[in-house]
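The structure under discussion appears below in the form of structure tokens.
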Amino acid sequence: MIDGTGKITKFLQDIFNLDKEVIYDVKIDKHREKRSINANNYLWELCTQIGNVLRKSKEEVYFEMLVEYGQSIMVSVLSNVNMNGFYKYFKEAGKSILNGKEFTHYKLYKGSSEYDTKEMYILLEGVVQEARQLGIKTKEDYEIEKITEAWCK
């Protein structure tokens, strides 16, 4: 047992009781705090208000905020591959030819539900600044800090 909760001991007991004829995949990760529901709700509330001012949908604003303040990676795929359906948030970044084959480069953006607390803090801070620039009333800095105080620990 690793700690006094008995969680590891219970887990190990459950493993020994599994069907021996079935193959199982098990992944153990270090626990990381997720962003709070309040933070996520506030993010969508601000995206809605920004959308109302700019006459855009909250989804359009959300994607723009992911592009501006979100987490991303660059990938290259053969140009004949249709990316729709493979990834929800992406943007074409260019094309190139390698060994006679054309590749399209995409920037893939991680949705906020996949963010850790630090990533969510950066995204929310950016959205708050965008809202303020549009004259949208936001929570006071101390209130935002209260929502996010556990994120950087």
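The values are calculated or read from the model by the stated rules, or taken from the named source; none is laboratory data. What you see is a predicted model; the values in this text were computed from it and never measured. So basically every Cβ, Gly included, is an ideal-geometry build from the backbone, and we count neighbours across all protein chains shown. Areas reflect the complete protein model, heavy atoms only, side chains present, ligands, DNA and RNA absent. Shrake-Rupley method; radii C 1.70, N 1.55, O 1.52, S 1.80 Å.
Okay, here's what the table says:
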quantity: Rel. contact order, % - alpha carbon contacts under 8 angstrom, at least six apart, segment 69-116; calculated: 47
quantity: For segment 89-130: rounded, prolate or oblate by the Cα gyration tensor [a/c cutoff 1.5]; calculated: prolate
quantity: Extended-chain gain in nm, criterion 0.36 nm per residue less alpha-carbon gap, Glu102 and Val53; calculated: 13.6 nm
quantity: Dipole in debye (nearest 20) - segment 68-113, about Cα centre, beta carbon charges: Lys, Arg +1; Asp, Glu -1; calculated: 60
quantity: Long pairs among Lys56/Lys146; Lys118/Lys146; Lys58/Lys139, criterion Cα-Cα beyond 21 Å; calculated: Lys56/Lys146
quantity: Percent accessible area from carbon and sulfur atoms, segment 47-153, protein chains only, probe 1.4 Å; calculated: 49
quantity: Förster radius 25 Å - calculated FRET efficiency between Ser113 and Met83, Cβ distance, rounded to 0.05; calculated: 0.80
